[in-house]
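Inspection log for the structure reproduced underneath, given as structure tokens.
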Amino acid sequence: MKNNAGSIEKIPNDCDSPSEKSGSDAGQKLQHSGFHLKKELGLLDGSAIIFGIIVGAGIFVSPKGVLIGAGSPGLALIIWISCGVLSLVGALCYAELGTMIPKSGGDYAYIYASLGKLPAFLFLWVALLIIVPTGNAVLALTFSSYILQPFYPECDPPELGVRLLSGVVICLLTAVNCYNVKWAARITDGFAVMKLIALAVIIVAGIFVMATDGLGNFSQPFEETNMDAGKIALAFYSGLFSFAGWNYLNFVTEEIKDPFKNLPRAIWISLPLVTIVYTLANLAYFVVLSKAEILNSNAVAVGYYQFFLDIRR
């Protein structure tokens, strides 16, 4: 029978009896064959989840790191495309895991199934206390840097101010998530729309500049290319940071309709789309801004906007 009030449904079992509703037998029945999450996510939902999670602060902060390691805009674009390909391969490998072990939970579910309870618990503990908080700290610092940069046009914003604002943002969003999940969802949707609008403006403006003035600063794309393997590896690290989240659809595998088809299809749709958006955004940066302007700015998009503001003046 279905429980319309929740998001789970009970699968009838011929072996059910009153005596089985207590003790360890009931626990095993609940875990293995009693309850399952409703399959409500289609192909479009899955693609939107991957795209929405990947596209974040990384694309606004990583171009500088990739360019530092690559040395030239041309190699930087190749690294961005390569990062997209690597993320696609990783996501497809995870899709294989998701179809072999169709359980929600992502990494935790796979470690639990292959290595047991203790390694799965240790991974979850490290993820909750170290991996996720540090990622949120990077996002908060990036957000704060972009918010404060317009108030300090001639220099970088004070580090203490960036850290204090980041702490306030993290505490505020934590409070909202604890108080009301719907509010948190609305805030998330709002920021997602703003990120997409910002990227669209960057890409369209870059296309306009290329149509009117040619390639501009991108006329010699491979000048000063860096061939040091260590620095190129760091450039890949910065680029892959912007693609973080390609495995998140596996966290809701049980809620996907026909995951054997829709899970890999969602990956094939979303990852190439993200790669195209990231590549076009970086191409727009390189056409409009010089290499020195990108390297001297902690908020590349702010410098990009300042360029068009100066033209208008």
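With the gyration tensor restricted to C-alpha atoms of the stretch 166-313, the semi-axes of the equivalent ellipsoid amount to 33, 22, 17 Å, longest first. Note: relative contact order over the stretch 192-313, using C-alpha pairs below 8 Å and six or more positions apart, is 42 percent. Around the amide H of residue 104, modelled in the peptide plane, lie the amide H atoms of 253, 254, all under 5 Å away and 5 or more residues distant in sequence or on another chain.
Here residue 228 and residue 155 are evaluated by their C-beta separation; at R0 = 35 Å the FRET efficiency comes out at 0.70. Accessible area of residue 227 (1.4 Å probe, protein heavy atoms only, ligands and nucleic acids ignored): about 150 Å². Enclosing the Cα atoms of the stretch 57-158 in their convex hull gives a volume equal to 138 cubic angstrom per residue.
Over the stretch 111-249, with the other protein chains present, what is the accessible area per residue in square angstrom, probe 1.4 angstrom?
Details: 9470 Å² over 139 residues.
Accessible area per residue, the stretch 111-249: 68 Å².
Where the accessible area of the stretch 128-280 is counted over protein heavy atoms with a 1.4 Å probe, how much of it, in %, is carbon and sulfur? It is 71 percent, rounded to a whole number. Once all protein chains are placed together, residue 103 keeps about 80 Å² accessible to a 1.4 angstrom probe. For the pair residue 276 and residue 101 in one chain, pulling the backbone fully straight at 0.36 nm per residue adds 59.9 nm over the alpha carbon distance.
Under 14 Å from the Cβ of residue 245, count the other residues' Cβ atoms, weight Lys and Arg +1, Asp and Glu -1, and hand me the total. Combined, the nearby Lys, Arg, Asp and Glu give 0.
Hand me the chymotrypsin sites (Phe, Trp or Tyr not before Pro) from the stretch 107-144 located in a DSSP loop with no more than 15 other Cβ atoms within 10 Å, in residue order please.
Details: sites: 108, 110, 112, 121, 123, 125, 143; in loops: none.
Counting only loop positions with at most 15 other Cβ atoms within 10 Å, none of the chymotrypsin sites (Phe, Trp or Tyr not before Pro) in the stretch 107-144 qualifies.
Rolling a 1.4 Å probe across all protein chains gives residue 77 an accessible area of roughly 20 Å².
Evaluate 2.2 N^0.38 Å with N set to the residue count of the stretch 225-312, then give the Cα radius of gyration divided by it. Intermediate values should be presented prior to the final figure.
On the way: Rg = 18.0 Å, N = 88, 2.2 N^0.38 = 12.1 Å.
Working it through for the stretch 225-312, the quotient is 1.49.
List the chymotrypsin sites (Phe, Trp or Tyr not before Pro) within the stretch 259-309 that fall in a DSSP loop (any state other than H, G, I, E or B) and whose Cβ has at most 14 other Cβ atoms within 10 Å. Each step should come with its number before you reach the end.
Values: sites: 260, 268, 278, 285, 286, 304, 305, 307, 308; in loops: none.
Qualifying residues, ordered by number: none.
For residue 292 and residue 137, a Förster radius of 30 Å and the Cβ-Cβ distance give a FRET efficiency of 0.55, rounded to the nearest 0.05.
The values are calculated or read from the model by the stated rules, or taken from the named source; none is laboratory data. Please read these numbers as outputs of a predicted model, since none were measured by experiment. Positions of Cβ are backbone-derived with ideal geometry, glycine not excepted, and every protein chain shown enters the neighbour counts. The protein model used for the area step is the full one, side chains on, heavy atoms only, and it has no ligands, DNA or RNA in it. Shrake-Rupley method; radii C 1.70, N 1.55, O 1.52, S 1.80 Å.
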